[in-house]
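The values are calculated or read from the model by the stated rules, or taken from the named source; none is laboratory data. Values in this document were obtained by computation on a predicted structure and should not be read as measured data. With ideal geometry, Cβ positions are generated from the backbone for all residues, glycine too; neighbour counts draw on all protein chains shown. Surface areas here come from the heavy atoms of the whole protein model, side chains and all, with no ligands, DNA or RNA. Shrake-Rupley method; radii C 1.70, N 1.55, O 1.52, S 1.80 Å.
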Amino acid sequence: MAKVEMKSISKVYDGGVRAVDNANIVVEDKEFVVLVGPSGCGKSTTLRMVAGLEDITEGELLIDGEKMNDVPPKDRNIAMVFQNYALYPHMSVYENMAFGLRIKKVPKAEIDKRVNDAARILDIEKFLDRKPKALSGGQRQRVAVGRAIVRNPKVFLFDEPLSNLDAKLRVQMRAELSDLHLRLNATMIYVTHDQVEAMTMANKIVVMKDGKIQQIGAPLFLYNHPVNKFVAGFIGSPPMNFLTVKVIDDGNCVLLDEGSFKIKADSSHTEYLKKYAGKEVFFGIRPEDMTYSQAGGNNSITVKVTVVEPLGADIHLWLTTETQPLVARTEPNFTFKVGDTAVFIPRMEKARFFDKETELAIIPSSV
Ligand SMILES: Nc1ncnc2c1ncn2[C@@H]1O[C@H](COP(=O)(O)OP(=O)(O)OP(=O)(O)O)[C@@H](O)[C@H]1O
Ligand SMILES: [Mg+2]
């Protein structure tokens, strides 16, 4: 069992920087939770407070119901894997993995067993005698993970462990870590600024910005029901489009007036948008929810093509209305040229709307 609870946790550094502000996060036993957000939002600070590497200024940290605030790092039964691996260069892979156990005076035979077991799990048995400098980035990363595994911790913490790897290796290691999570059946907290890592690996994502938690939820829930414009724009690539439109209540339905087009809102959104009649809102639509339409017609919008990015599996089309830019993702077989006029029909039932001032979602997540 290893359940981690952060209750109203804050971190104020010397000098007054409030790096984490009133964070409430529950990591269930065996859950893979990913903290994601832009640089400086407080991800590492949160993780370091769980590890005991930073003091907690306010709030409580519980592991399996036991308060951990004042328990020293070595007694928390937590293992952390860092971005820079932090391997000892003069020690072999075996020694690197065994070192922590030696310090703890674990019997030699037990150390040998744990190191060999971890090496087998990570497929690094044949490198055990090598020094870290004779390994590739991905192999070094595996050794760093191995060093965590041999300790048999209650909780694994990862701070951007893949960011030093090239794109292809990152994809491979991502899958390996997900697989490892299943095989070890362990509780893991993983920090990244890469929303793709968050989407692909997490059971639950915590989105942070400026030290504050924005939203916590399953990856697809966050994708489909972002609570605010920040989460909507952060999760998904290319990001959601945001067009400023004016809301018009014409009795039966709600129209959204962009200036160069007027479009009818989905009936399930009408009651919420009516409250904004006469006001401007952000109309959020994902690139894949813009369907190309040769025929045009009702509820279509006409745009100009500014950039064509053929990616093989699909095309990212950069477009513009008379005044506002947006992106559409289309089938790979369409042929578009810069300067073309194109007609799209947005899937209005998928649209999201955000208050112009608060940037909070206007449509509740249950709709
Ligand atoms: N030791 C420190 N003293 C003072 N301020 C700090 C200290 N460490 C971090 N900070 C500040 O706290 C905030 C959060 O930092 P943190 O390292 O947690 O961000 P992060 O989300 O991990 O960012 P990154 O993605 O760049 O690693 C930042 O504004 C940072 O400048
Ligand atoms: Mg960090």
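Report yes if Lys337 is farther than 20 Å from Asp249 by Cα and either of a type outside the set (Gly, Ala, Ser) or assigned to a loop (DSSP other than H, G, I, E, B) (or both), otherwise no.
yes
Hey, among the residues in region 41-61 that are in a helix (DSSP H, G or I) and either open to solvent by 20 Å² or more (accessible area, probe 1.4 Å) or of a type outside the set (Ser, Thr, Tyr) (or both), which one's nearest to ligand 2 (Cβ to nearest atom)?
Looking at the filtered set, the residue picked out is Ser44.
Which number in (1) open to solvent by less than 70 Å² (accessible area, probe 1.4 Å); (2) within 16 Å of ligand 2 (Cβ to nearest atom); (3) of a type in the set (Ser, Thr, Tyr) marks the one condition that Ser92 misses?
Result: Ser92 passes all but (2).
Got at least one residue in region 240-253 being modelled with pLDDT of 95 or more, exposed (fewer than 15 other Cβ atoms within 10 Å of the Cβ) and among the polar types (S, T, N, Q)?
yes
Answer yes or no: is there a residue in region 137-158 that is within 16 Å of ligand 1 (Cβ to nearest atom) and either farther than 21 Å from Leu47 by Cα or among the aromatic types (Phe, Trp, Tyr) (or both).
There is at least one residue in region 137-158 that is within 16 Å of ligand 1 (Cβ to nearest atom) and either farther than 21 Å from Leu47 by Cα or among the aromatic types (Phe, Trp, Tyr) (or both).
For Trp318, only one of the following conditions fails: (1) touching a Pro at 6+ places or on another chain (Cβ under 8 Å); (2) free of Cβ contacts under 8 Å to residues at least 12 places away in the same chain. What is its number?
Evaluating Trp318 over (1) touching a Pro at 6+ places or on another chain (Cβ under 8 Å); (2) free of Cβ contacts under 8 Å to residues at least 12 places away in the same chain leaves (2) as the failure.
Among the candidates Asn185, Asn228, single out the residue that is more than 16 Å from ligand 2 (Cβ to nearest atom) and at positive phi.
It is Asn185.
Taking region 187-211 only, how many residues are among the small types (Gly, Ala, Ser) and within 12 Å of ligand 1 (Cβ to nearest atom)?
Qualifying residue count for the region: 1.
List the number of the failed condition for Asn69; all other conditions in (1) away from ligand 2 (no atom under 16 Å from the Cβ); (2) open to solvent by less than 10 Å² (accessible area, probe 1.4 Å); (3) in a loop (DSSP other than H, G, I, E, B) hold.
Status for Asn69: all satisfied but (2).
Out of Leu157, Leu162, Leu169, Leu182, which single residue is at pLDDT below 95 and buried (at least 19 other Cβ atoms within 10 Å of the Cβ)?
Selected residue: Leu162, the only one of Leu157, Leu162, Leu169, Leu182 that is at pLDDT below 95 and buried (at least 19 other Cβ atoms within 10 Å of the Cβ).
Name the residues in region 201-225 that are open to solvent by less than 20 Å² (accessible area, probe 1.4 Å), outside any helix (DSSP H, G or I) and touching a Phe, Trp or Tyr at 6+ places or on another chain (Cβ under 8 Å), would you?
Selection gives Ala202, Val207.
Taking region 1-39 on its own, how many of its residues are within 13 Å of ligand 1 (Cβ to nearest atom) and touching a residue at least 40 places away in the same chain (Cβ under 8 Å)?
Of the residues in that region, 15 qualify.
Restricted to region 309-341, and to residues that are of a type in the set (A, V, I, L, M) and surrounded by fewer than 17 Cβ atoms within 10 Å (Cβ to Cβ), which residue is farthest from Leu243 (Cα to Cα)?
Checking each candidate, the answer is Ala313.
From (1) modelled with pLDDT of 95 or more; (2) under 30 Å from Met1 (Cα atoms); (3) open to solvent by 20 Å² or more (accessible area, probe 1.4 Å), pick out the condition that doesn't hold for Thr187.
Of everything listed in (1) modelled with pLDDT of 95 or more; (2) under 30 Å from Met1 (Cα atoms); (3) open to solvent by 20 Å² or more (accessible area, probe 1.4 Å), Thr187 misses just condition (3).
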